[in-house]
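A.B. asks: Below is a structure I'd like to ask you about.
The values are calculated or read from the model by the stated rules, or taken from the named source; none is laboratory data. Computed from a predicted structure; not experimentally measured. FYI the Cβ positions are ideal-geometry reconstructions off the backbone, even for glycines, and counts take in every protein chain you see. Surface areas here come from the heavy atoms of the whole protein model, side chains and all, with no ligands, DNA or RNA. Shrake-Rupley method; radii C 1.70, N 1.55, O 1.52, S 1.80 Å.
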Amino acid sequence: MKHRIKRTYRIARYVIYRETLVDKKDIAWSFLGAFLGVGLIGFLNQYYLPVRDNLFVLGSFGASAVLIYGHTQSPLAQPRNLIGGHLLSAITGVSVCMLIPWPEYEWLAGALAVACSIVVMQVTKTVHPPGGATALLAVAGSAKIRALGFLYVLSPVASGVFILLLIAFIVNNIPGHRSYPANGKWF
């Protein structure tokens, strides 16, 4: 019995070790993609929103950058999920914010926005976890962000998503051992 436990432990440790191995080239390309994508979004949005409001762009898109630059083959990182997850969640978040406009119920609006965005993403098969943050920020962002209404969907969400996607397509397809989207399937 003791021998069997030790053997199982060794196998589990080996499997975990193998699953966490990352090629040094992939690390460099992931860094470059994330730096260019998030940096370009931050640079462009600096001229449209105050510094304090820039955090929502870097927050939800930072999580997307981890997926589309660091784990390119994940189903959650594919273009359909990236675009659909963020845009549908932004629409859901803004809609909930308009349905529950009272600041004292912001906690309820935030919870409802995230819950509804999950359901919308599941139904449309566009699950992208950072989309939940995009929906929440439509509700919990500053008054200036909430005042954008459905323009929030276009800028900064849609513009940021397309910048991330463009950089991901370029950076992830330069090296021969990486490809994005996975299997060449956009949708």
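A.B. asks: In this structure, is Thr92 farther than 19 Å from Pro181 by Cβ and in contact with a His (Cβ under 7 Å, 6 or more places away or on another chain)?
C.D. replies: No: the conditions fail for Thr92.
A.B. asks: Kindly provide the set of residues from the stretch 164-177 that are buried (at least 22 other Cβ atoms within 10 Å of the Cβ) and of a type in the set (Val, Ile, Thr), ordered by number.
C.D. replies: Ile167, Val171
A.B. asks: Give the residues of the stretch 127-150 that are over 17 Å from Leu82 (Cα atoms) and among the small types (Gly, Ala, Ser), sorted by residue number.
C.D. replies: Ala138, Ala140, Gly141, Ser142, Ala143, Ala147, Gly149
A.B. asks: So the check is Cβ under 7 Å with 6+ separation or different chains; which pairs have a first residue in the stretch 165-187 that's without any contact (Cβ under 8 Å) to a residue 12 or more places away in the chain and a second one that's among the small types (Gly, Ala, Ser)?
C.D. replies: Asn173/Ser179
A.B. asks: Starting from residues that are open to solvent by 10 Å² or more (accessible area, probe 1.4 Å) and in contact (Cβ under 8 Å) with a residue 40 or more places away in the chain, keep the ones in the stretch 150-161 and report whichever is farthest from the chain's Cα centre (by Cα).
C.D. replies: Phe150
A.B. asks: For the subset of the stretch 93-119 comprising residues that are surrounded by fewer than 13 Cβ atoms within 10 Å (Cβ to Cβ) and closer than 20 Å to Leu151 by Cβ, which member is modelled with the highest pLDDT?
C.D. replies: For the stretch 93-119, the residue satisfying everything is Leu99.
A.B. asks: Starting from the stretch 68-83, take each residue that is within 19 Å of Pro156 (Cβ to Cβ) and without any contact (Cβ under 8 Å) to a residue 12 or more places away in the chain and list its partners that are in a helix (DSSP H, G or I) and open to solvent by 10 Å² or more (accessible area, probe 1.4 Å), counting only C-beta distances under 9 angstrom and pairs at least six apart or across chains.
C.D. replies: From residues that are within 19 Å of Pro156 (Cβ to Cβ) and without any contact (Cβ under 8 Å) to a residue 12 or more places away in the chain, there are no pairs.
A.B. asks: What's the number of the only condition in (1) more than 25 Å from Val94 (Cα to Cα); (2) loosely packed, with under 15 Cβ neighbours inside 10 Å that Tyr180 fails to meet?
C.D. replies: Failed condition: (2).
A.B. asks: Only one of Val51, Val22, Val15, Val38 is in contact with a helix residue (DSSP H, G or I) (Cβ under 6 Å, 6 or more places away or on another chain) and either modelled with pLDDT under 90 or open to solvent by less than 70 Å² (accessible area, probe 1.4 Å) (or both). Can you tell me which?
C.D. replies: Val38
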